[in-house]
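Please treat every number below as a calculation from the coordinates, not as lab data. Worth saying up front: this structure is predicted, and the values here are computed from it rather than measured. Cβ atoms come from the backbone with ideal geometry, glycine included; neighbour counts cover every protein chain shown.
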Amino acid sequence: MVNDVFAPATLGPVKLRNRTVKAATFEGRAPQGQVTDELIDYHLAVTRGGVGLTTVAYLAIAPEGRTHAQQIVVGEDTLPGLSRLVDAIHESGAAIAGQVGHAGPVANGRSNGVRALSASRMPSPLSMQMVRSASEKDLTRITKAYVATARTLVRAGFDVLELHMAHSYLISSFLAPGLNRRKDKWGGAMENRARLGRQVARAVREEVGSSVALTAKVSLSDGFKGGVTTDSGLEFAQLLEADGTLDALQMSGGSSLMNPMYLFRGGAPVKEFAASMPLPVRLGMKTPMGKGFMKEYDFEEAYFLEKALKFREGLSLPLMLLGGINRRDTMERAMALGFDFVAMGRALLREPDLVNKLQGSTQDAGVCIHCNRCMPTIYSGTRCPVIAETVTV
Ligand SMILES: Cc1cc2nc3c(=O)[nH]c(=O)nc-3n(C[C@H](O)[C@H](O)[C@H](O)COP(=O)(O)O)c2cc1C
């Protein structure tokens, strides 16, 4: 096995120049739901900076599946912009993934102007509205919308489609017994809770064949009672693997709905986050439920490694390690431990050219401090606020 993270690799049918991946970080650069020059530049910064694969985050399959109104809903009208984005990234020598998803209960119904839906009816701490339970008709429509989205993204030239199955988004809400109280074929046993994710992966694979790589972002643990655990997450991943629909899994964790900081670790910027939210949510954050929303977890390099190793032992699919990767030696260790790719979010927001720096040995580690103040910037153009503060004139 080649242990060099900077060596070329294949992901399904796609050739990558190295094994580093820019993880999806919603860009906040599509105010009209269309690709903008700013969105292209955001991705060019990391691909010119050395990553093998960048991920566009995120591409909604339906209007009610947006986390926020200013997001791309993939359709015929978005095709020219998406093609332009893909061409620019290819010219820079990297490959491009589209994170395809339906936010389910994480969607902001108030901002979207369409009610959010989930496995079961629940109040949303994000929109302070009730989220409705998805009907049989919704699930048929949503599966078809995943297929139509995939078709458009293939036409635009995307190399990889990443299905979002984590963070309490729609598919993930079905997996979590605490969010899925259904008594029908979509609830109860794992076989039922996993049905939507497997159905979507199967339908999308049937549509795209082997023209692109198909991956999923899955949970190593949702970090809340009633969420996906490491054991149930692995069970789900094994079902996906047995279906033979995917080329790789990216292993994540936490819940954008119930426990976002479980995913991030490090600083919990409660004030900045509240300030970026509309009034009803700001008020909601003052309630006991709201106050518990942003728990603080100590940051540790590669904080998901232990759980990810359980997935490595239980699966043969290629795996992308994610979560607090900043150092070249961590990447080398990940390769030595049998992971196939490393994915990074915040380290690349702080230093889009980090991969080049690590590869050229001008640095051994990134300088991101995991203050997480990038998080509340997603509504105003995702960025690292520390960069602006450290620029000297
Ligand atoms: C500002 C910001 C926006 C994010 N947006 C998304 C997103 O749209 N979809 C997603 O799956 N994960 C999203 N994430 C999570 C990242 O993909 C990644 O899982 C997380 O930051 C942990 O990796 P890291 O330690 O390398 O940053 C976001 C993270 C940040 C910091």
Considering the zone a paramagnetic label at S276 would reach in this model (a point 7 Å from Cα along the Cα-to-Cβ line), which residues of segment 372-387 have amide N under 11 Å from it? 372-385
Fewest to most Cβ atoms within 10 Å: H167, H68 sort as H68, H167
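Suppose a student asked you for the relative contact order of the chain, using Cα pairs under 8 Å spaced at least 6 residues apart; what percent would you report?
Working: 871 pairs, mean separation 64.4, N = 393.
Relative contact order, the chain: 16 percent.
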Signed unit charges on C-beta, dipole axis of segment 9-390, positive-most listed residue M331, A268, V86: A268
Charge dipole of the chain built from unit charges on the beta carbon (Lys, Arg +1; Asp, Glu -1), centred at mean Cα; most positive-end Cα among V208, G101, V14 is G101
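What number, in percent, do you get for the relative contact order of segment 1-65 if the mean sequence gap of Cα pairs under 8 Å and at least 6 apart is divided by its residue count? Intermediate results must be reported in sequence, preceding the final value.
Numbers: 70 pairs, mean separation 21.2, N = 65.
After rounding, I find 33 percent.
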Restricted to the chain, the DSSP antiparallel beta bridge percent, nearest 5, is 20 percent
Does segment 9-390 come out rounded, prolate or oblate, given a ≥ b ≥ c as the square roots of the eigenvalues of its C-alpha gyration tensor, rounded meaning a/c under 1.5 and, failing that, prolate meaning a/b above b/c? rounded
If the cut-off is 16 Å between C-alpha atoms, which lysines fall inside it for K22, apart from same-chain ones fewer than 8 positions away? K217, K357
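Please give the contour-minus-distance gain from D364 to H90: 0.36 nm per residue of separation, less the Cα-Cα distance, rounded to one decimal in nm. Could you put the intermediate results ahead of the total?
Details: separation 274, 0.36 × 274 = 98.64 nm, distance 2.74 nm.
Computed gain between D364 and H90 is 95.9 nm.
Using only alpha carbon pairs under 8 Å that are at least six residues apart, calculate the relative contact order of segment 325-387 and give it in whole percent. Could you put the intermediate results ahead of the total?
On the way: 56 pairs, mean separation 20.6, N = 63.
With pairs under 8 Å counted, the relative contact order is 33 percent.
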Over the chain: helical MRE at 222 nm, DSSP H runs n ≥ 4 each giving -39500 (n - 2.57), nearest 500: -10000 deg cm²/dmol
Taking M258, M251, M130 and counting other beta carbon atoms within 10 angstrom, the fewest-first order is M130, M258, M251
Name the residue from V147, T54, H43 whose Cα lies farthest towards the positive end of the charge dipole of segment 9-390, charges +1 on Cβ of Lys and Arg and -1 on Cβ of Asp and Glu. V147
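Under unit Cβ charges (Lys, Arg +1; Asp, Glu -1), what dipole magnitude, rounded to 20 debye, does segment 9-390 have relative to its Cα centre? Working shown, then result.
Details: 45 positive and 37 negative charges, 237 e Å.
My answer is approximately 1140 debye.
If you rank T362, T20, T377 by fewest surrounding Cβ atoms within 10 Å, what's the result? Write down the numbers at each step before the final one.
Details: T362 9, T20 29, T377 19.
Listing T362, T20, T377 from fewest to most nearby Cβ atoms yields T362, T377, T20.
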